[in-house]
Amino acid sequence: MSKTPHQYYTDVIGKSFDEDGVYGCQCVDGFKHFCRTQLGLKLGTICNPTGYATSIWDNYEKLGLNKYFDKVAPNQMVDGDWAIWAMGSRSCPKSHVAMFRKDNGNGTGVFLGQNQLGHPEFTQCNIYYDGLRGGLRPKIYEAAPTPSAEYINIPPTIELRNIYRVDTKKQFNVI
């Protein structure tokens with residue numbers, strides 16, 4: 001089991017999983033993979049009646065997901081929450097489910113998921129929020145600290161083995 005959302009990312013990025021043997025590696029299979037490997041929850045059919053990921057949101061309690069996840073509003077998602085889009089959205093016209101990583105501040109967020117960008121494997125990409133129904137927050141991460149909304153891009157000149165203090169101007173100073 002991965003201890004953090006980032007650890008799950010490193011475990012799955014570039015890999016694909018067909019958890020149910022239906023239609024190859026779909027976004028729903030990515031969610032099922034997370035549930036099986038991280039929660040010990042093996043899910044069967046979860047997309048009735050639509051056949052699409054949006055049904056996960058509608059069947060939340062019926063599927064028993066309330067034991068493992070809490071529903072959160074789209075504007076309250078944090079790293080590791082599983083976002084679910086309704087059908088007809090700009091980025092996900094047939095709905096979608098993917099792990100939220102961070103907000104870009106421009107109406108999009110970074111999401112980890114399968115069957116994105118035309119690739120069956122797990123990729124991480126920017127997706128618009130429109131049509132987003134909400135997020136499912138895994139209860140396994142409740143004890144983990146909430147990540148800061150502040151992110152730092154580390155320049156390639158930084159030696160990662162050193163310890164740095166980041167000042168208010170986002171400059172790196174060796175300690």
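The values are calculated or read from the model by the stated rules, or taken from the named source; none is laboratory data. Fair warning: this is a prediction, and the values are worked out from it, not measured in the lab. Here Cβ is always computed from backbone atoms with ideal geometry, including for glycine, and neighbour counts include all displayed protein chains. In case anyone asks, the SASA skips ligands and DNA or RNA and just uses the protein heavy atoms, side chains included. Shrake-Rupley method; radii C 1.70, N 1.55, O 1.52, S 1.80 Å.
Summary of values
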quantity: LEU63 being at pLDDT below 95, part of a loop (DSSP other than H, G, I, E, B), of a type in the set (A, V, I, L, M, F, W, C) and in contact with a helix residue (DSSP H, G or I) (Cβ under 8 Å, 6 or more places away or on another chain); calculated: yes
quantity: Residues that are among the acidic types (Asp, Glu), part of a helix (DSSP H, G or I) and open to solvent by 60 Å² or more (accessible area, probe 1.4 Å), drawn from the stretch 5-56; calculated: ASP11
quantity: Segments classed as strands (runs of 3 or more DSSP E), wholly inside the stretch 70-116, with at least 3 members that are open to solvent by 40 Å² or more (accessible area, probe 1.4 Å); calculated: 94-103
quantity: The lone exception for ASP58 - which of (1) closer than 19 Å to PRO120 by Cα; (2) free of Cβ contacts under 8 Å to residues at least 60 places away in the same chain it fails; calculated: (1)
